[in-house]
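J.: What follows is a single structure, and I will ask about it in a moment.
The values are calculated or read from the model by the stated rules, or taken from the named source; none is laboratory data. Source: prediction; values computed, not measured. We place every Cβ from the backbone using ideal geometry, glycine too, and count neighbours over all the protein chains shown. Note: areas computed on protein heavy atoms with side chains; ligands, DNA, RNA excluded. Shrake-Rupley method; radii C 1.70, N 1.55, O 1.52, S 1.80 Å.
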Amino acid sequence: MTDLILLPGDGIGPEVLAEVKKVAARLTPDLALDEHPFGGTSFDQLGTPLSDRTLAAARAARAVLMGAVGGPKWASAPRDKRPEAGLLALRAGMGVFANIRPALCFQPLADASTLKREVVEGLDIVIVRELTGGVYFGQPRFIEDLPGGGRRGVDTQVYTTAEIERVARVAFDLARGRRNKVTSCEKSNVMETGLLWREVVTDLHSREFADVTLEHMLADNAAMQLVKNPRQFDIILTDNLFGDVLSDEAAQLTGGLGLLPSAALGEPGGPGLYEPIHGSAPDIAGRGIANPLAAILSFEMALRWSLGRPEAADRLFAAVGAALDSGARTPDIGGALSTADMGAAVLAQL
Ligand code: NAD
(Lines give C-alpha, C1' and ligand atoms only; values in the text may rest on other atoms or scores of the structure.)
Protein backbone atom coordinates (compact mmCIF):
# COMPACT_ATOMS: atom_id res chain seq x y z
CA MET A 1 0.00 0.00 0.00
CA THR A 2 1.28 3.45 -0.87
CA ASP A 3 1.62 5.58 2.26
CA LEU A 4 1.60 8.98 0.65
CA ILE A 5 0.52 10.17 -2.80
CA LEU A 6 2.08 13.44 -3.93
CA LEU A 7 0.06 15.67 -6.28
CA PRO A 8 2.39 18.56 -7.11
CA GLY A 9 -0.14 20.29 -9.40
CA ASP A 10 0.52 23.71 -10.90
CA GLY A 11 2.49 26.91 -10.40
CA ILE A 12 4.53 26.82 -7.19
CA GLY A 13 2.99 23.45 -6.24
CA PRO A 14 5.85 21.37 -7.71
CA GLU A 15 8.42 23.83 -6.29
CA VAL A 16 7.23 23.50 -2.70
CA LEU A 17 6.64 19.73 -2.90
CA ALA A 18 10.25 19.31 -4.10
CA GLU A 19 11.31 20.49 -0.64
CA VAL A 20 8.87 18.09 1.03
CA LYS A 21 10.44 15.21 -0.89
CA LYS A 22 13.87 16.13 0.49
CA VAL A 23 12.49 16.32 4.03
CA ALA A 24 10.70 12.97 3.66
CA ALA A 25 13.86 11.32 2.30
CA ARG A 26 15.77 12.45 5.40
CA LEU A 27 13.10 12.05 8.07
CA THR A 28 11.04 9.06 6.97
CA PRO A 29 12.99 7.23 4.23
CA ASP A 30 10.86 4.11 4.71
CA LEU A 31 7.58 5.82 3.66
CA ALA A 32 6.24 4.56 0.31
CA LEU A 33 5.64 7.64 -1.87
CA ASP A 34 4.07 7.89 -5.28
CA GLU A 35 3.36 10.89 -7.51
CA HIS A 36 0.49 11.60 -9.93
CA PRO A 37 -0.53 14.40 -12.32
CA PHE A 38 -3.27 16.71 -11.05
CA GLY A 39 -4.85 20.07 -11.83
CA GLY A 40 -3.97 22.11 -14.90
CA THR A 41 -0.90 19.96 -15.51
CA SER A 42 -3.15 16.90 -15.70
CA PHE A 43 -5.59 18.74 -17.97
CA ASP A 44 -2.72 19.49 -20.37
CA GLN A 45 -1.51 15.88 -20.34
CA LEU A 46 -4.76 13.92 -20.06
CA GLY A 47 -7.60 16.33 -20.86
CA THR A 48 -8.94 16.24 -17.30
CA PRO A 49 -7.79 17.87 -14.06
CA LEU A 50 -8.44 14.65 -12.11
CA SER A 51 -7.98 11.36 -13.95
CA ASP A 52 -9.62 8.14 -12.74
CA ARG A 53 -6.14 6.78 -12.12
CA THR A 54 -5.11 9.67 -9.87
CA LEU A 55 -8.37 9.46 -7.92
CA ALA A 56 -8.08 5.69 -7.47
CA ALA A 57 -4.51 6.08 -6.21
CA ALA A 58 -5.59 8.82 -3.79
CA ARG A 59 -8.40 6.71 -2.39
CA ALA A 60 -6.14 3.70 -1.91
CA ALA A 61 -3.35 5.58 -0.11
CA ARG A 62 -3.13 6.46 3.59
CA ALA A 63 -2.62 10.15 2.84
CA VAL A 64 -2.45 12.55 -0.09
CA LEU A 65 -0.30 15.67 -0.16
CA MET A 66 -1.20 18.26 -2.75
CA GLY A 67 0.90 21.26 -3.83
CA ALA A 68 -1.51 23.73 -5.44
CA VAL A 69 -3.66 23.95 -8.55
CA GLY A 70 -4.88 26.62 -10.92
CA GLY A 71 -3.57 29.57 -12.87
CA PRO A 72 -4.45 31.97 -15.68
CA LYS A 73 -3.47 29.39 -18.31
CA TRP A 74 -6.63 27.39 -17.53
CA ALA A 75 -9.00 30.27 -16.72
CA SER A 76 -10.89 29.84 -19.98
CA ALA A 77 -11.15 26.02 -19.81
CA PRO A 78 -14.72 24.70 -19.45
CA ARG A 79 -15.82 25.05 -15.82
CA ASP A 80 -15.83 21.30 -15.18
CA LYS A 81 -12.31 20.96 -16.62
CA ARG A 82 -10.73 23.72 -14.59
CA PRO A 83 -8.07 22.76 -12.05
CA GLU A 84 -10.30 23.98 -9.19
CA ALA A 85 -13.05 21.58 -10.37
CA GLY A 86 -10.48 18.79 -10.09
CA LEU A 87 -9.82 19.78 -6.49
CA LEU A 88 -13.53 19.78 -5.58
CA ALA A 89 -13.88 16.36 -7.27
CA LEU A 90 -10.83 15.02 -5.41
CA ARG A 91 -12.26 16.12 -2.05
CA ALA A 92 -15.64 14.61 -2.87
CA GLY A 93 -14.08 11.42 -4.27
CA MET A 94 -11.94 10.94 -1.16
CA GLY A 95 -14.96 11.53 1.08
CA VAL A 96 -13.21 14.21 3.11
CA PHE A 97 -15.70 16.56 4.72
CA ALA A 98 -13.83 18.36 7.50
CA ASN A 99 -11.20 20.92 6.60
CA ILE A 100 -8.81 21.65 9.42
CA ARG A 101 -6.70 24.75 9.33
CA PRO A 102 -4.44 25.66 12.21
CA ALA A 103 -3.55 29.34 12.56
CA LEU A 104 -0.47 29.36 14.70
CA CYS A 105 1.82 32.28 15.34
CA PHE A 106 5.45 31.21 15.42
CA GLN A 107 7.16 33.38 18.05
CA PRO A 108 9.87 34.88 15.78
CA LEU A 109 7.22 35.87 13.23
CA ALA A 110 4.86 37.78 15.53
CA ASP A 111 5.97 41.00 13.87
CA ALA A 112 5.12 39.70 10.38
CA SER A 113 1.39 39.96 11.13
CA THR A 114 -0.44 43.11 10.11
CA LEU A 115 -1.86 43.17 13.65
CA LYS A 116 0.05 44.28 16.72
CA ARG A 117 2.44 41.76 18.28
CA GLU A 118 0.48 41.73 21.58
CA VAL A 119 -2.70 40.68 19.74
CA VAL A 120 -1.21 37.72 17.87
CA GLU A 121 1.71 36.55 20.01
CA GLY A 122 1.10 32.98 21.15
CA LEU A 123 -1.93 32.59 18.89
CA ASP A 124 -2.93 28.95 18.42
CA ILE A 125 -6.38 28.39 16.93
CA VAL A 126 -7.85 25.78 14.61
CA ILE A 127 -10.65 26.36 12.13
CA VAL A 128 -12.79 23.32 11.34
CA ARG A 129 -14.68 24.05 8.13
CA GLU A 130 -17.35 21.84 6.56
CA LEU A 131 -15.98 21.08 3.13
CA THR A 132 -18.33 19.13 0.90
CA GLY A 133 -21.75 20.67 1.52
CA GLY A 134 -23.36 24.08 1.68
CA VAL A 135 -23.65 26.71 -1.00
CA TYR A 136 -20.67 25.54 -3.08
CA PHE A 137 -22.48 22.29 -3.83
CA GLY A 138 -26.20 22.94 -3.25
CA GLN A 139 -28.66 22.50 -6.14
CA PRO A 140 -30.19 24.22 -7.98
CA ARG A 141 -27.45 26.53 -9.16
CA PHE A 142 -27.65 28.41 -12.43
CA ILE A 143 -27.63 31.75 -14.21
CA GLU A 144 -30.72 32.44 -16.31
CA ASP A 145 -31.88 35.14 -18.67
CA LEU A 146 -34.89 37.07 -17.44
CA PRO A 147 -37.75 37.71 -19.88
CA GLY A 148 -37.66 41.47 -19.33
CA GLY A 149 -33.88 41.64 -19.75
CA GLY A 150 -31.09 41.15 -17.25
CA ARG A 151 -30.08 37.83 -15.71
CA ARG A 152 -30.58 36.02 -12.41
CA GLY A 153 -27.92 33.95 -10.60
CA VAL A 154 -28.95 31.30 -8.09
CA ASP A 155 -26.93 29.28 -5.59
CA THR A 156 -28.46 27.09 -2.92
CA GLN A 157 -27.25 26.81 0.65
CA VAL A 158 -28.28 23.41 1.98
CA TYR A 159 -27.23 21.29 4.98
CA THR A 160 -28.54 18.07 6.49
CA THR A 161 -28.39 16.99 10.13
CA ALA A 162 -25.88 14.25 9.25
CA GLU A 163 -23.54 16.67 7.45
CA ILE A 164 -23.52 19.08 10.37
CA GLU A 165 -23.16 16.39 13.00
CA ARG A 166 -20.16 14.63 11.47
CA VAL A 167 -18.11 17.81 11.09
CA ALA A 168 -19.12 19.02 14.57
CA ARG A 169 -17.92 15.70 15.97
CA VAL A 170 -14.48 16.30 14.43
CA ALA A 171 -14.35 19.74 16.08
CA PHE A 172 -15.38 18.49 19.53
CA ASP A 173 -12.92 15.59 19.33
CA LEU A 174 -10.12 17.96 18.40
CA ALA A 175 -11.03 20.36 21.22
CA ARG A 176 -10.62 17.59 23.81
CA GLY A 177 -6.94 17.31 22.90
CA ARG A 178 -6.49 21.08 23.14
CA ARG A 179 -8.05 23.81 25.29
CA ASN A 180 -11.46 22.15 25.25
CA LYS A 181 -13.47 24.94 23.65
CA VAL A 182 -15.52 25.08 20.43
CA THR A 183 -16.98 28.27 18.99
CA SER A 184 -19.64 27.37 16.43
CA CYS A 185 -20.27 30.12 13.85
CA GLU A 186 -23.29 30.53 11.55
CA LYS A 187 -25.96 33.10 10.71
CA SER A 188 -28.88 31.62 12.63
CA ASN A 189 -30.40 35.10 12.84
CA VAL A 190 -31.08 35.25 9.09
CA MET A 191 -30.60 31.77 7.59
CA GLU A 192 -32.56 28.53 7.98
CA THR A 193 -29.38 26.48 7.53
CA GLY A 194 -27.84 28.58 10.30
CA LEU A 195 -30.72 27.78 12.60
CA LEU A 196 -30.45 24.07 11.89
CA TRP A 197 -26.67 24.25 12.33
CA ARG A 198 -27.06 25.77 15.80
CA GLU A 199 -29.70 23.22 16.87
CA VAL A 200 -27.72 20.21 15.66
CA VAL A 201 -24.45 21.36 17.25
CA THR A 202 -26.21 22.11 20.54
CA ASP A 203 -27.91 18.73 20.53
CA LEU A 204 -24.71 16.78 19.75
CA HIS A 205 -22.89 18.73 22.43
CA SER A 206 -25.39 17.86 25.15
CA ARG A 207 -25.54 14.19 24.07
CA GLU A 208 -21.84 13.43 23.65
CA PHE A 209 -19.55 16.35 24.45
CA ALA A 210 -20.92 18.12 27.54
CA ASP A 211 -17.36 18.26 28.95
CA VAL A 212 -16.30 20.62 26.11
CA THR A 213 -17.16 24.32 26.37
CA LEU A 214 -19.48 25.27 23.50
CA GLU A 215 -20.10 28.84 22.44
CA HIS A 216 -22.22 30.06 19.52
CA MET A 217 -21.25 33.18 17.57
CA LEU A 218 -22.72 34.81 14.48
CA ALA A 219 -20.24 34.50 11.63
CA ASP A 220 -20.02 38.25 11.00
CA ASN A 221 -19.19 38.83 14.67
CA ALA A 222 -16.59 36.04 14.45
CA ALA A 223 -14.92 37.90 11.57
CA MET A 224 -14.69 40.97 13.79
CA GLN A 225 -13.54 39.08 16.89
CA LEU A 226 -10.78 37.39 14.88
CA VAL A 227 -9.02 40.70 14.36
CA LYS A 228 -10.01 42.18 17.72
CA ASN A 229 -9.12 39.38 20.10
CA PRO A 230 -8.17 36.18 18.22
CA ARG A 231 -6.75 34.42 21.27
CA GLN A 232 -10.24 34.01 22.74
CA PHE A 233 -10.73 31.12 20.26
CA ASP A 234 -9.56 27.53 20.48
CA ILE A 235 -11.58 25.70 17.78
CA ILE A 236 -13.83 27.58 15.37
CA LEU A 237 -16.43 25.29 13.80
CA THR A 238 -18.23 26.62 10.75
CA ASP A 239 -19.78 25.82 7.37
CA ASN A 240 -18.17 25.79 3.94
CA LEU A 241 -18.82 29.40 2.90
CA PHE A 242 -18.12 31.14 6.22
CA GLY A 243 -15.16 28.82 6.78
CA ASP A 244 -13.67 29.83 3.45
CA VAL A 245 -13.72 33.48 4.50
CA LEU A 246 -12.84 33.12 8.19
CA SER A 247 -9.92 30.79 7.53
CA ASP A 248 -8.34 33.20 5.06
CA GLU A 249 -8.78 35.98 7.59
CA ALA A 250 -7.16 33.84 10.28
CA ALA A 251 -4.31 33.08 7.88
CA GLN A 252 -3.40 36.72 7.71
CA LEU A 253 -3.23 36.97 11.52
CA THR A 254 -0.18 34.76 11.52
CA GLY A 255 1.71 36.67 8.90
CA GLY A 256 1.12 34.97 5.63
CA LEU A 257 -0.18 32.26 3.37
CA GLY A 258 3.25 30.73 2.83
CA LEU A 259 3.26 29.30 6.35
CA LEU A 260 -0.10 27.67 6.77
CA PRO A 261 -0.93 23.99 6.28
CA SER A 262 -4.30 22.32 6.19
CA ALA A 263 -5.86 18.90 6.36
CA ALA A 264 -9.13 17.50 5.08
CA LEU A 265 -10.40 14.45 6.91
CA GLY A 266 -13.31 12.07 6.44
CA GLU A 267 -14.54 9.10 8.41
CA PRO A 268 -11.90 7.61 10.75
CA GLY A 269 -9.57 5.24 8.88
CA GLY A 270 -10.02 6.86 5.47
CA PRO A 271 -7.18 8.73 3.72
CA GLY A 272 -6.56 12.35 4.68
CA LEU A 273 -5.89 15.09 2.14
CA TYR A 274 -3.18 17.54 3.13
CA GLU A 275 -2.38 20.78 1.36
CA PRO A 276 -0.93 24.21 1.98
CA ILE A 277 -3.71 26.77 2.09
CA HIS A 278 -2.08 28.93 -0.55
CA GLY A 279 -2.78 28.62 -4.26
CA SER A 280 -0.45 28.21 -7.21
CA ALA A 281 0.84 31.80 -6.90
CA PRO A 282 1.26 32.42 -10.67
CA ASP A 283 2.88 35.79 -9.90
CA ILE A 284 5.96 34.12 -8.42
CA ALA A 285 5.86 30.65 -10.02
CA GLY A 286 9.13 29.58 -11.63
CA ARG A 287 11.21 32.13 -9.72
CA GLY A 288 12.29 29.79 -6.93
CA ILE A 289 11.17 32.12 -4.14
CA ALA A 290 7.98 30.44 -2.89
CA ASN A 291 7.91 29.66 0.81
CA PRO A 292 7.89 25.85 1.20
CA LEU A 293 6.97 25.88 4.91
CA ALA A 294 3.19 25.56 4.40
CA ALA A 295 3.81 22.43 2.32
CA ILE A 296 6.36 21.09 4.81
CA LEU A 297 3.93 21.69 7.68
CA SER A 298 1.18 19.97 5.67
CA PHE A 299 3.47 16.93 5.52
CA GLU A 300 3.93 17.30 9.28
CA MET A 301 0.14 17.10 9.75
CA ALA A 302 -0.02 14.03 7.49
CA LEU A 303 2.67 12.31 9.57
CA ARG A 304 0.68 13.04 12.71
CA TRP A 305 -2.89 12.31 11.64
CA SER A 306 -2.79 9.79 8.80
CA LEU A 307 0.60 8.12 8.79
CA GLY A 308 0.92 7.23 12.47
CA ARG A 309 4.30 8.98 12.93
CA PRO A 310 3.74 11.50 15.73
CA GLU A 311 7.39 11.46 16.82
CA ALA A 312 8.58 12.29 13.29
CA ALA A 313 5.92 15.03 13.18
CA ASP A 314 7.22 16.48 16.47
CA ARG A 315 10.78 16.49 15.10
CA LEU A 316 9.69 18.21 11.92
CA PHE A 317 7.61 20.83 13.73
CA ALA A 318 10.54 21.60 16.01
CA ALA A 319 12.89 21.83 13.01
CA VAL A 320 10.63 24.39 11.29
CA GLY A 321 10.48 26.45 14.51
CA ALA A 322 14.27 26.25 14.90
CA ALA A 323 14.83 27.27 11.26
CA LEU A 324 12.65 30.35 11.82
CA ASP A 325 14.43 31.05 15.13
CA SER A 326 17.73 30.98 13.27
CA GLY A 327 16.45 33.78 11.02
CA ALA A 328 15.68 31.73 7.90
CA ARG A 329 13.13 33.70 5.84
CA THR A 330 11.80 33.64 2.29
CA PRO A 331 10.78 37.00 0.73
CA ASP A 332 7.09 36.68 1.71
CA ILE A 333 8.08 36.81 5.40
CA GLY A 334 10.70 39.48 5.04
CA GLY A 335 13.82 37.57 4.02
CA ALA A 336 15.77 36.71 0.90
CA LEU A 337 16.13 32.91 0.95
CA SER A 338 15.14 30.84 -2.06
CA THR A 339 12.65 27.96 -1.80
CA ALA A 340 15.53 25.47 -1.84
CA ASP A 341 17.52 27.41 0.79
CA MET A 342 14.49 27.48 3.09
CA GLY A 343 14.10 23.73 2.63
CA ALA A 344 17.80 23.34 3.39
CA ALA A 345 17.41 25.43 6.56
CA VAL A 346 14.77 22.97 7.82
CA LEU A 347 16.88 19.96 6.81
CA ALA A 348 19.82 21.44 8.71
CA GLN A 349 17.71 21.48 11.88
CA LEU A 350 16.58 17.87 11.47
P1 NAD B 1 -2.43 32.42 -4.13
O2 NAD B 1 -2.48 31.80 -2.78
O3 NAD B 1 -1.90 31.56 -5.21
O4 NAD B 1 -1.54 33.75 -4.06
C5 NAD B 1 -1.90 34.89 -3.29
C6 NAD B 1 -0.64 35.73 -3.01
O7 NAD B 1 0.16 35.06 -2.03
C8 NAD B 1 0.24 35.91 -4.23
O9 NAD B 1 0.83 37.18 -4.21
C10 NAD B 1 1.31 34.85 -4.05
O11 NAD B 1 2.56 35.17 -4.65
C12 NAD B 1 1.44 34.78 -2.54
N13 NAD B 1 1.83 33.42 -2.12
C14 NAD B 1 1.01 32.34 -2.09
N15 NAD B 1 1.68 31.27 -1.66
C16 NAD B 1 2.95 31.67 -1.42
C17 NAD B 1 4.11 31.01 -0.96
N18 NAD B 1 4.14 29.69 -0.67
N19 NAD B 1 5.24 31.73 -0.83
C20 NAD B 1 5.25 33.04 -1.10
N21 NAD B 1 4.18 33.73 -1.53
C22 NAD B 1 3.03 33.05 -1.69
O23 NAD B 1 -3.90 32.91 -4.48
P24 NAD B 1 -4.46 33.55 -5.83
O25 NAD B 1 -3.42 34.41 -6.48
O26 NAD B 1 -5.75 34.12 -5.46
O27 NAD B 1 -4.76 32.30 -6.77
C28 NAD B 1 -3.87 31.84 -7.78
C29 NAD B 1 -4.40 30.54 -8.38
O30 NAD B 1 -4.41 29.53 -7.36
C31 NAD B 1 -5.86 30.65 -8.85
O32 NAD B 1 -5.97 29.89 -10.04
C33 NAD B 1 -6.67 30.03 -7.72
O34 NAD B 1 -7.87 29.45 -8.18
C35 NAD B 1 -5.71 28.96 -7.25
N36 NAD B 1 -5.92 28.55 -5.85
C37 NAD B 1 -5.71 27.25 -5.59
C38 NAD B 1 -5.79 26.79 -4.29
C39 NAD B 1 -5.48 25.36 -4.04
O40 NAD B 1 -4.79 24.75 -4.84
N41 NAD B 1 -5.90 24.80 -2.92
C42 NAD B 1 -6.08 27.68 -3.25
C43 NAD B 1 -6.27 29.03 -3.55
C44 NAD B 1 -6.17 29.46 -4.87
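J.: Restricting attention to the range 121-161, report how many residues are closer than 30 Å to P108 by Cα and loosely packed, with under 10 Cβ neighbours inside 10 Å.
T.: Within the range 121-161, the first condition is being closer than 30 Å to P108 by Cα, and the residues that meet it are 121-129.
This time we only want the ones that are loosely packed, with under 10 Cβ neighbours inside 10 Å, so: none.
Count: 0.
J.: Here's a follow-up. Six or more apart or on different chains, Cβ atoms under 7 Å: show the pairs whose first residue is in the range 292-317 and closer than 18 Å to I5 by Cβ and open to solvent by 20 Å² or more (accessible area, probe 1.4 Å) and whose second is modelled with pLDDT of 95 or more and part of a helix (DSSP H, G or I).
T.: R304/A313; R309/L303
J.: Quick test of your reading of the structure: T238 fulfils all but one of (1) within 12 Å of the ligand (Cβ to nearest atom); (2) open to solvent by less than 40 Å² (accessible area, probe 1.4 Å); (3) polar (S, T, N, Q). Name the failing condition by number.
T.: (1)
J.: Another question, if that's okay. Looking only at the range 167-189, which residues are in contact (Cβ under 8 Å) with a residue 40 or more places away in the chain and either in contact with a Gly (Cβ under 9 Å, 6 or more places away or on another chain) or β-branched (V, I, T) (or both)?
T.: V167, V170, V182, T183, C185, E186, K187, listed by residue number.
J.: Out of all the residues in the range 86-96, which are small (G, A, S) and at pLDDT 95 or above? Even if it seems obvious, please write down each step before you answer.
T.: Quick first cut of the range 86-96, residues small (G, A, S) only: 86, 89, 92-93, 95.
The answer is G86, and nothing else.
J.: Continuing with this model, one more query. Just name the residue that is farthest from A56 (Cα to Cα) out of those in the range 262-287 that are near the ligand (Cβ under 6 Å from one of its atoms) and open to solvent by less than 30 Å² (accessible area, probe 1.4 Å). Even if it seems obvious, please write down each step before you answer.
T.: Going through the range 262-287, the residues near the ligand (Cβ under 6 Å from one of its atoms) turn out to be 275, 278-284.
Add one more test, that the residue is open to solvent by less than 30 Å² (accessible area, probe 1.4 Å), and what stays is 275, 278, 280-281.
On the way: E275: 18, H278: 25, S280: 24, A281: 28 Å.
In this case the residue turns out to be A281.
Quick grid of which residues meet (1) touching a Ser or Thr at 6+ places or on another chain (Cβ under 9 Å); (2) open to solvent by less than 20 Å² (accessible area, probe 1.4 Å); (3) assigned to a loop (DSSP other than H, G, I, E, B):
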{"position": "P8", "(1), (2), (3)": "yes, yes, no"}
{"position": "P29", "(1), (2), (3)": "no, no, yes"}
{"position": "R59", "(1), (2), (3)": "no, no, no"}
{"position": "G70", "(1), (2), (3)": "yes, yes, yes"}
{"position": "N99", "(1), (2), (3)": "yes, yes, no"}
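J.: Working carefully through the options D111, D44, find the one that is open to solvent by 30 Å² or more (accessible area, probe 1.4 Å), out of contact with any Pro (no Cβ under 8 Å at 6 or more places or on another chain) and either over 30 Å from A171 (Cα atoms) or within 16 Å of the ligand (Cβ to nearest atom) (or both). First the steps, then the outcome.
T.: Numbers: D111 fails: either over 30 Å from A171 (Cα atoms) or within 16 Å of the ligand (Cβ to nearest atom) (or both).
Result of the check over D111, D44: D44.
J.: Any residue in the range 197-209 that's over 14 Å from A162 (Cβ atoms): show its pairings with residues that are assigned to a helix (DSSP H, G or I) and β-branched (V, I, T) at Cβ separation under 8 Å, as long as the two are six or more apart or on different chains.
T.: Going by the 8 Å Cβ cut-off, there are no qualifying pairs.
J.: So, one more: Within the range 72-84, track down each residue that is open to solvent by 20 Å² or more (accessible area, probe 1.4 Å) and part of a loop (DSSP other than H, G, I, E, B). Even if it seems obvious, please write down each step before you answer.
T.: Keep residues of the range 72-84 that are open to solvent by 20 Å² or more (accessible area, probe 1.4 Å), which gives 72-76, 78-82, 84.
Selection gives A75, S76, P78, R82.
J.: A follow-up question, please. Count, please, the residues in the range 105-159 that happen to be in a strand (DSSP E or B) and either assigned by TED's automatic domain parsing to the domain that holds G327 or without any contact (Cβ under 8 Å) to a residue 12 or more places away in the chain (or both).
T.: Kept after step one, since they are in a strand (DSSP E or B), are these residues of the range 105-159: 124-130, 142-145, 151-154.
Remaining after also requiring either assigned by TED's automatic domain parsing to the domain that holds G327 or without any contact (Cβ under 8 Å) to a residue 12 or more places away in the chain (or both): 143-145, 151-153.
The number of residues fulfilling the criteria is 6.
J.: What are the pairs, 6+ residues apart or on separate chains, where a residue within the range 25-41 that is at positive phi has its Cβ under 8 Å from a residue that is part of a loop (DSSP other than H, G, I, E, B)?
T.: G39/D10; G39/P49; G39/V69; G39/G70; G39/S280
J.: Just checking, which of S188, S184 is among the small types (G, A, S), under 19 Å from A103 (Cβ atoms), modelled with pLDDT of 95 or more and open to solvent by less than 30 Å² (accessible area, probe 1.4 Å)?
T.: Details: S188 fails: under 19 Å from A103 (Cβ atoms).
The conditions single out S184.
J.: Among the residues of the range 318-343, which ones are on the phi > 0 side of the Ramachandran plot and open to solvent by less than 50 Å² (accessible area, probe 1.4 Å)?
T.: Going through the range 318-343, the residues on the phi > 0 side of the Ramachandran plot turn out to be 327, 334.
Within the range 318-343, just G327 meets the criteria.
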